[in-house]
Amino acid sequence: MLMEITWGYIWSQILTAVEYGLLGASYLAKRRLLVVILDIFSMTAGIFAYFLLGADLGLAMSVVILLANFYYLWDEKDQGANNTLTLRDYIVLVIVLIVIGMLAVLTYDGPLSLLSVAATVFYEISIWQNSTKVYKFLGIPVALCWMLYNGFIFSWVGVITESFMLIASIVGYVREVRGGKKRKAQAKSAA
(Lines give C-alpha, C1' and ligand atoms only; values in the text may rest on other atoms or scores of the structure.)
Protein backbone atom coordinates (compact mmCIF):
# COMPACT_ATOMS: atom_id res chain seq x y z
CA MET A 1 0.00 0.00 0.00
CA LEU A 2 1.35 3.42 -0.95
CA MET A 3 1.32 6.16 1.67
CA GLU A 4 0.49 9.68 0.52
CA ILE A 5 3.02 12.20 1.80
CA THR A 6 1.11 15.27 3.03
CA TRP A 7 2.04 18.10 5.37
CA GLY A 8 -0.03 16.39 8.07
CA TYR A 9 1.97 13.21 7.58
CA ILE A 10 5.28 15.09 7.66
CA TRP A 11 4.29 16.88 10.88
CA SER A 12 3.15 13.58 12.39
CA GLN A 13 6.59 12.12 11.73
CA ILE A 14 8.36 15.15 13.24
CA LEU A 15 6.15 14.92 16.34
CA THR A 16 6.82 11.19 16.48
CA ALA A 17 10.57 11.86 16.54
CA VAL A 18 10.08 14.37 19.38
CA GLU A 19 7.86 11.90 21.24
CA TYR A 20 10.42 9.12 21.06
CA GLY A 21 13.35 11.38 21.88
CA LEU A 22 11.65 12.29 25.15
CA LEU A 23 10.66 8.70 25.79
CA GLY A 24 14.23 7.51 25.22
CA ALA A 25 15.45 10.06 27.76
CA SER A 26 12.92 8.66 30.26
CA TYR A 27 14.48 5.19 29.96
CA LEU A 28 17.80 6.68 30.98
CA ALA A 29 16.38 8.71 33.91
CA LYS A 30 17.22 7.54 37.39
CA ARG A 31 14.28 9.02 39.32
CA ARG A 32 10.61 8.21 38.84
CA LEU A 33 9.63 11.90 38.97
CA LEU A 34 11.82 12.69 35.96
CA VAL A 35 10.50 9.59 34.15
CA VAL A 36 6.93 10.80 34.62
CA ILE A 37 7.68 14.39 33.54
CA LEU A 38 9.46 13.25 30.39
CA ASP A 39 6.61 10.83 29.64
CA ILE A 40 4.04 13.63 29.95
CA PHE A 41 5.80 15.68 27.30
CA SER A 42 6.38 12.56 25.19
CA MET A 43 2.70 11.57 25.23
CA THR A 44 1.62 15.11 24.38
CA ALA A 45 3.69 14.97 21.20
CA GLY A 46 2.40 11.46 20.51
CA ILE A 47 -1.23 12.53 20.82
CA PHE A 48 -0.77 15.15 18.12
CA ALA A 49 1.14 12.70 15.92
CA TYR A 50 -1.53 10.00 16.17
CA PHE A 51 -4.24 12.60 15.52
CA LEU A 52 -2.48 13.67 12.33
CA LEU A 53 -2.10 10.01 11.29
CA GLY A 54 -5.76 9.25 11.97
CA ALA A 55 -4.71 6.43 14.30
CA ASP A 56 -7.68 6.45 16.67
CA LEU A 57 -6.60 3.59 18.93
CA GLY A 58 -3.04 4.89 19.27
CA LEU A 59 -4.46 8.35 20.02
CA ALA A 60 -6.84 6.93 22.63
CA MET A 61 -4.06 4.95 24.31
CA SER A 62 -1.78 8.02 24.38
CA VAL A 63 -4.54 10.08 26.03
CA VAL A 64 -4.97 7.40 28.70
CA ILE A 65 -1.22 7.34 29.31
CA LEU A 66 -1.09 11.14 29.52
CA LEU A 67 -3.96 11.36 32.01
CA ALA A 68 -2.54 8.55 34.12
CA ASN A 69 0.86 10.27 34.09
CA PHE A 70 -0.70 13.39 35.61
CA TYR A 71 -1.92 11.20 38.47
CA TYR A 72 1.55 9.64 38.85
CA LEU A 73 3.11 13.12 38.83
CA TRP A 74 0.74 14.28 41.56
CA ASP A 75 1.33 11.06 43.52
CA GLU A 76 5.11 11.38 43.22
CA LYS A 77 5.05 14.98 44.44
CA ASP A 78 2.53 14.15 47.18
CA GLN A 79 4.29 11.03 48.47
CA GLY A 80 7.91 11.84 47.55
CA ALA A 81 10.71 9.32 47.72
CA ASN A 82 8.90 7.31 50.41
CA ASN A 83 6.07 6.53 48.02
CA THR A 84 4.65 3.08 48.63
CA LEU A 85 1.73 1.56 46.80
CA THR A 86 -1.56 2.13 48.57
CA LEU A 87 -5.09 0.90 48.01
CA ARG A 88 -5.72 4.16 46.11
CA ASP A 89 -2.89 3.29 43.68
CA TYR A 90 -4.36 -0.14 43.01
CA ILE A 91 -7.81 1.39 42.42
CA VAL A 92 -6.33 3.92 39.98
CA LEU A 93 -4.54 1.13 38.08
CA VAL A 94 -7.75 -0.91 37.82
CA ILE A 95 -9.67 2.17 36.58
CA VAL A 96 -6.96 2.91 34.00
CA LEU A 97 -6.99 -0.70 32.78
CA ILE A 98 -10.80 -0.64 32.49
CA VAL A 99 -10.65 2.61 30.50
CA ILE A 100 -8.01 1.06 28.22
CA GLY A 101 -10.31 -1.91 27.62
CA MET A 102 -13.33 0.29 26.89
CA LEU A 103 -11.38 2.51 24.49
CA ALA A 104 -9.96 -0.56 22.77
CA VAL A 105 -13.48 -1.78 22.05
CA LEU A 106 -14.65 1.66 20.86
CA THR A 107 -11.69 2.35 18.57
CA TYR A 108 -10.83 -1.20 17.43
CA ASP A 109 -9.29 -1.20 13.94
CA GLY A 110 -8.28 -4.81 13.44
CA PRO A 111 -6.08 -7.29 15.32
CA LEU A 112 -2.86 -5.34 14.75
CA SER A 113 -4.37 -2.23 16.34
CA LEU A 114 -4.43 -4.19 19.61
CA LEU A 115 -0.64 -3.91 19.72
CA SER A 116 -1.12 -0.36 21.00
CA VAL A 117 -3.41 -1.72 23.71
CA ALA A 118 -0.83 -4.31 24.80
CA ALA A 119 1.88 -1.65 24.79
CA THR A 120 -0.29 0.65 26.89
CA VAL A 121 -1.13 -2.04 29.43
CA PHE A 122 2.56 -2.97 29.83
CA TYR A 123 3.47 0.70 30.05
CA GLU A 124 0.83 1.49 32.69
CA ILE A 125 1.94 -1.41 34.85
CA SER A 126 5.58 -0.38 34.44
CA ILE A 127 5.15 3.24 35.44
CA TRP A 128 2.43 2.60 38.02
CA GLN A 129 4.80 0.90 40.44
CA ASN A 130 7.83 2.67 41.89
CA SER A 131 10.71 0.66 40.46
CA THR A 132 12.66 2.24 37.63
CA LYS A 133 14.17 -1.23 37.10
CA VAL A 134 10.75 -2.72 36.32
CA TYR A 135 9.90 0.34 34.19
CA LYS A 136 12.99 -0.20 32.07
CA PHE A 137 12.48 -3.97 31.85
CA LEU A 138 8.85 -3.63 30.71
CA GLY A 139 10.02 -0.97 28.24
CA ILE A 140 11.28 -3.87 26.13
CA PRO A 141 7.85 -5.41 25.29
CA VAL A 142 6.35 -1.91 25.17
CA ALA A 143 8.88 -0.94 22.50
CA LEU A 144 8.25 -4.10 20.49
CA CYS A 145 4.47 -3.61 20.53
CA TRP A 146 4.66 0.08 19.60
CA MET A 147 7.18 -0.68 16.86
CA LEU A 148 4.80 -3.16 15.25
CA TYR A 149 1.81 -0.83 15.73
CA ASN A 150 3.69 2.04 14.08
CA GLY A 151 4.33 -0.22 11.10
CA PHE A 152 0.61 -1.01 11.00
CA ILE A 153 -0.27 2.71 10.77
CA PHE A 154 2.61 3.47 8.37
CA SER A 155 4.50 5.70 10.82
CA TRP A 156 7.96 4.85 9.56
CA VAL A 157 9.65 7.36 11.85
CA GLY A 158 7.76 5.61 14.66
CA VAL A 159 9.16 2.22 13.63
CA ILE A 160 12.71 3.57 13.42
CA THR A 161 12.58 5.58 16.65
CA GLU A 162 10.84 2.76 18.50
CA SER A 163 13.77 0.53 17.58
CA PHE A 164 15.98 3.09 19.34
CA MET A 165 13.58 2.96 22.31
CA LEU A 166 14.03 -0.78 22.38
CA ILE A 167 17.79 -0.29 22.57
CA ALA A 168 17.41 2.51 25.18
CA SER A 169 15.19 0.34 27.37
CA ILE A 170 17.63 -2.58 27.14
CA VAL A 171 20.60 -0.32 27.93
CA GLY A 172 18.68 1.38 30.74
CA TYR A 173 17.69 -1.97 32.21
CA VAL A 174 21.24 -3.37 32.00
CA ARG A 175 22.61 -0.21 33.65
CA GLU A 176 19.99 -0.50 36.38
CA VAL A 177 20.85 -4.16 37.05
CA ARG A 178 24.60 -3.45 37.07
CA GLY A 179 24.09 -0.43 39.33
CA GLY A 180 22.10 -2.57 41.77
CA LYS A 181 24.80 -5.24 41.81
CA LYS A 182 27.46 -2.59 42.34
CA ARG A 183 25.52 -1.07 45.27
CA LYS A 184 25.08 -4.49 46.84
CA ALA A 185 28.79 -5.25 46.48
CA GLN A 186 29.70 -1.89 48.02
CA ALA A 187 27.30 -2.42 50.91
CA LYS A 188 28.68 -5.91 51.45
CA SER A 189 32.29 -4.69 51.48
CA ALA A 190 31.41 -1.82 53.84
CA ALA A 191 29.85 -4.25 56.35
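The values are calculated or read from the model by the stated rules, or taken from the named source; none is laboratory data. Predicted model only: the values in this text are computed from it and were never measured. Note that we place each Cβ from the backbone using ideal geometry, even for glycine, and neighbour counts take in every protein chain shown. Only protein heavy atoms, including side chains, enter the accessible area calculation; ligands, DNA and RNA are left aside. Shrake-Rupley method; radii C 1.70, N 1.55, O 1.52, S 1.80 Å.
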(request) State to the nearest 20 debye the size of the charge dipole of the range 1-85 about its Cα centre, where the only charges are +1 on K and R beta carbons and -1 on D and E beta carbons. (result) 300 debye
(message) Among TYR71, TYR149, ILE5, whose Cα projects farthest towards the positive end of the dipole of the chain, with charges put on the beta-carbon of Lys, Arg (+1) and Asp, Glu (-1)?
(response) TYR71
(request) Would you work out the charge dipole size for the chain about its Cα centre, treating the Cβ of every Lys and Arg as +1 and the Cβ of every Asp and Glu as -1, and quote it to the nearest 20 debye? (result) 1340 debye
(message) What is the angle, in °, between the Cα long axis of helix 132-152 and the longest principal axis of the Cα atoms in the chain? Nearest 10 is fine, range 0 to 90.
(response) 10 degrees
(request) Would you look at the GNM of the chain, springs on alpha carbons closer than 10 Å, and say which of VAL134, VAL35, VAL105 moves the most? (result) VAL105
(request) Counting helices only, and only those DSSP H runs with n ≥ 4, report the 222 nm mean residue ellipticity of the chain as the sum of -39,500 (n - 2.57) divided by its residues, in deg cm²/dmol to the nearest 500. (result) -29000 deg cm²/dmol
(message) Output wanted: per-residue J couplings in Hz (rounded whole) for the range 35-46, from phi through Karplus 6.51 cos²θ - 1.76 cosθ + 1.60, θ = phi - 60°, x for Gly and Pro.
(response) 4, 5, 4, 4, 5, 4, 5, 4, 5, 4, 5, x
(request) On the protein heavy atoms, probe 1.4 angstrom, tell me the percent of accessible surface of the range 52-191 carried by carbon and sulfur. (result) 72 percent
(request) Taking the chain as the reference, fit the longest principal axis to its C-alpha atoms, fit the long axis of helix 114-128 to the helix C-alpha atoms, and give the angle between the two in degrees, 0 to 90, nearest 10. (result) 20 degrees
(request) Would you mind computing Rg(Cα) / (2.2 N^0.38 Å) for the chain, counting N as its residues? (result) 1.06
(request) Name the most mobile residue of MET165, MET61, MET102, meaning the one with the largest mean-square fluctuation, in a Gaussian network model of the chain with Cα contacts below 10 Å. (result) MET102
(request) Working from Cα positions, state the angle (0 to 90°, nearest 10) between the long axis of helix 87-106 and the longest principal axis of the chain. (result) 20 degrees
